[in-house]
Amino acid sequence: MVWAPKYRKWILKETLRDYVKQCFIENAEVIDFEIEALEIAEDHVHIFLGFAPRYSVSQVVQRFKGISARRIFQVFPEVRRELWGGKFWKDGYFVRTVGDKVTKDIIKKYIDYHKHKEKIPQQLELL
């Protein structure tokens, strides 16, 4: 699963990134989801998650996004100035399921790759 902060802002840095990661881990433990891989870049989240079929994908995403957003705004009220409109996460998400062509190892490798290759925009130079 992949989703991003509102306006795809590069806001998930240091302390906030660690806090979001902790929110996700705690949320998964409470509801008995299994986080296989989790990587939080400055402008999006990758989470490889296992959960019971009684939950729909939209319920799972709503739970992670809703609980984390509420807790973020409580602990980091300054974030509201960056993300006006009262929402932390952008609408929507991307989901890919594990199957014959996309294996568990491929997804873990993809998420791990993003851990080591975080793109930082560079200042353009005038010639």
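FYI, it's all coordinate maths here, none of it is from the lab. Note that the structure is predicted; figures quoted are calculated from it, not measured. Cβ: placed from backbone, ideal geometry, glycine included. Neighbour counts: every protein chain shown.
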A student applying the Cα gyration tensor rule (rounded when a/c is under 1.5; otherwise prolate if a/b is larger than b/c, oblate if not) would label region 12-84 prolate
Correct semi-axes for region 60-100, from √(5λ) of the alpha-carbon gyration tensor and rounded to whole Å with the largest first, are 26, 11, 7
Once normalised by the length of the chain, the mean sequence separation of its alpha carbon contacts under 8 Å that are 6 or more apart gives a contact order in percent of 34
In this structure, the FRET efficiency calculated for Gln22 and Thr97 from their beta-carbon separation, with R0 = 30 Å, to the nearest 0.05, is 0.70
Per the charge dipole of the chain (beta-carbon charges, Lys/Arg positive, Asp/Glu negative, Cα centre), the residue among Val95, Val45, Trp84 reaching farthest to the positive end is Trp84
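Using only helices, what value at 222 nm comes out for the chain when you add -39,500 (n - 2.57) per DSSP H run of length 4 or more and divide by the total residues, to the nearest 500 deg cm²/dmol? Walk me through the intermediate numbers first.
On the way: 4 runs with 54 residues, N = 127.
-13500 deg cm²/dmol, from helical runs alone.
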The extension gain from Asp105 to Glu34, computed as 0.36 nm times the residue separation minus the Cα-Cα distance, is 24.0 nm
Cβ density ranking, 10 Å radius, fewest first, applied to Trp84, Trp3 yields Trp84, Trp3
A chain fully extended from Arg81 to Lys13 at 0.36 nm per residue, minus the present Cα-Cα distance, gains in nm 22.9 nm
